[in-house]
1. Just checking, how many residues over the range 98-119 are surrounded by fewer than 24 Cβ atoms within 10 Å (Cβ to Cβ), in contact with a helix residue (DSSP H, G or I) (Cβ under 6 Å, 6 or more places away or on another chain) and part of a helix (DSSP H, G or I)?
2. When the residues of the range 62-97 are filtered to those that are polar (S, T, N, Q) and within 16 Å of the chain's Cα centre (by Cα), which remaining residue is surrounded by the fewest Cβ atoms within 10 Å (Cβ to Cβ)?
3. Test TYR27 against the stated conditions and say whether it is in contact with a strand residue (DSSP E or B) (Cβ under 9 Å, 6 or more places away or on another chain), in a loop (DSSP other than H, G, I, E, B) and modelled with pLDDT under 90.
4. Out of the residues in the range 150-201 meeting the condition of being over 30 Å from THR252 (Cα atoms) and either touching a residue at least 24 places away in the same chain (Cβ under 8 Å) or under 19 Å from the mean Cα position of the chain (by Cα) (or both), tell me which one is surrounded by the fewest Cβ atoms within 10 Å (Cβ to Cβ).
5. Which condition does VAL75 not pass, out of (1) part of a helix (DSSP H, G or I); (2) farther than 21 Å from HIS35 by Cβ, if it passes all the others?
6. For the range 157-183, how many residues meet the condition of being basic (Lys, Arg) and closer than 15 Å to PHE94 by Cα?
7. Among the residues of the range 120-139, write down those that are within 25 Å of LEU189 (Cα to Cα) and touching a helix residue (DSSP H, G or I) at 6+ places or on another chain (Cβ under 8 Å).
8. Name the residue, out of THR49, THR76, THR112, that is more than 26 Å from ALA280 (Cβ to Cβ) and of a type in the set (S, T, N, Q).
Amino acid sequence: MKFVIAGAFQPSAHLIPIARAADAAGYEALAFSDHVVYPERLDTPYPYTEDGSRRYDEDSEFPDAWVVAGALAAVTSKLRFTNNVFVLPMRNPFMVAKSVATAAALSNDRITLTIGVGWSNVEFEVAGQNFKRRGARADEMIEVMRKLWTGNMIDHEGEFYRFDRLKMTPPIPKARIPIWVGGISDRALKRAARNDGWLSDLQSSSEILKCVEKVRIYRRELERAEGFDVMASATDAHGLDGYRRLEAGGVTHILTLPWVFYHGMTENLDEKIDGLQRFAADFVEPMLSSRQGIGQ
């Protein structure tokens with residue numbers, strides 16, 4: 001099992017020291033959330049809380065994921081960068097393909113794109129994109145981006161995008177960019193099954209494992225049973241036994257705020273660094289050692 005630090009809502013000034021410490025401590029990746037603006041009023045409820053209220057406020061920071069990835073790649077050597085999640089259909093596929101490919105090239109292929117289809121109609125309007133049928137459009141966007149990332153001269157004739165032969169100029173990623181999908185609806189799980197991985201919401205271990213089993217069924221139907229990642233945020237797995245249960249059920253990555261276990265929801269950078277280092281000693285290293293032992 002690998003461990004990913006949730007970079008959501010962190011002050012931008014903390015990201016470089018956190019990334020350096022995470023790189024040295026053996027974490028797999030940093031993940032960044034995505035919102036372009038904070039609408040004061042919503043016309044669609046937040047789907048991941050019972051009362052529809054957001055888990056963040058107007059002062060929560062959401063720096064651009066690809067600018068951040070480029071900056072942090074320059075000060076790290078092993079750490080990967082991903083999202084929880086990047087709202088793909090709120091964008092233009094050509095611009096996303098260029099940004100992600102550039103981040104992959106500058107990071108020496110340390111990028112995983114984790115997408116969602118979004119929930120805020122207001123943000124889609126601000127970005128000039130249609131909120132309706134965003135899931136189907138996201139599917140076609142992935143198809144277009146995969147073509148662009150080949151570096152070949154391509155064309156496309158789809159429902160949402162049509163263009164004559166063209167190519168995306170360098171940088172072109174040297175390795176295949178994994179695409180994971182976040183969401184807990186059946187549509188999201190089926191979309192994940194068609195791609196390379198799935199990201200849970202904040203769920204119990206039992207809920208996560210039920211979703212993983214659903215994805216496995218969909219993967220078998222697609223005859224794509226192998227090579228699938230799962231990044232999970234479990235509300236009730238706070239120790240080695242809990243992590244091992246998830247790993248046995250198919251979870252490959254844990255998304256966590258490691259310093260919370262030692263210092264709570266601190267805003268102090270020194271406590272964050274101390275917490276992520278202690279978490280690495282208590283959990284990251286033992287899980288890595290047990291995995292290596294199984295491999296031997």
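The values are calculated or read from the model by the stated rules, or taken from the named source; none is laboratory data. Values in this document were obtained by computation on a predicted structure and should not be read as measured data. Note that we place each Cβ from the backbone using ideal geometry, even for glycine, and neighbour counts take in every protein chain shown.
1. So the answer is 2.
2. ASN84
3. No: the conditions fail for TYR27.
4. Step one: list which residues in the range 150-201 are over 30 Å from THR252 (Cα atoms), which gives 151-170.
From what's left, either touching a residue at least 24 places away in the same chain (Cβ under 8 Å) or under 19 Å from the mean Cα position of the chain (by Cα) (or both): 160-161, 168, 170.
Numbers: PHE160: 16, TYR161: 15, MET168: 18, PRO170: 10.
Checking each candidate, the answer is PRO170.
5. (1)
6. The qualifying residues number 3.
7. Selection gives GLU123, PHE124, GLN129, ASN130, PHE131, ARG134, GLY135, ARG137, ALA138, ASP139.
8. Selected residue: THR49, the only one of THR49, THR76, THR112 that is more than 26 Å from ALA280 (Cβ to Cβ) and of a type in the set (S, T, N, Q).
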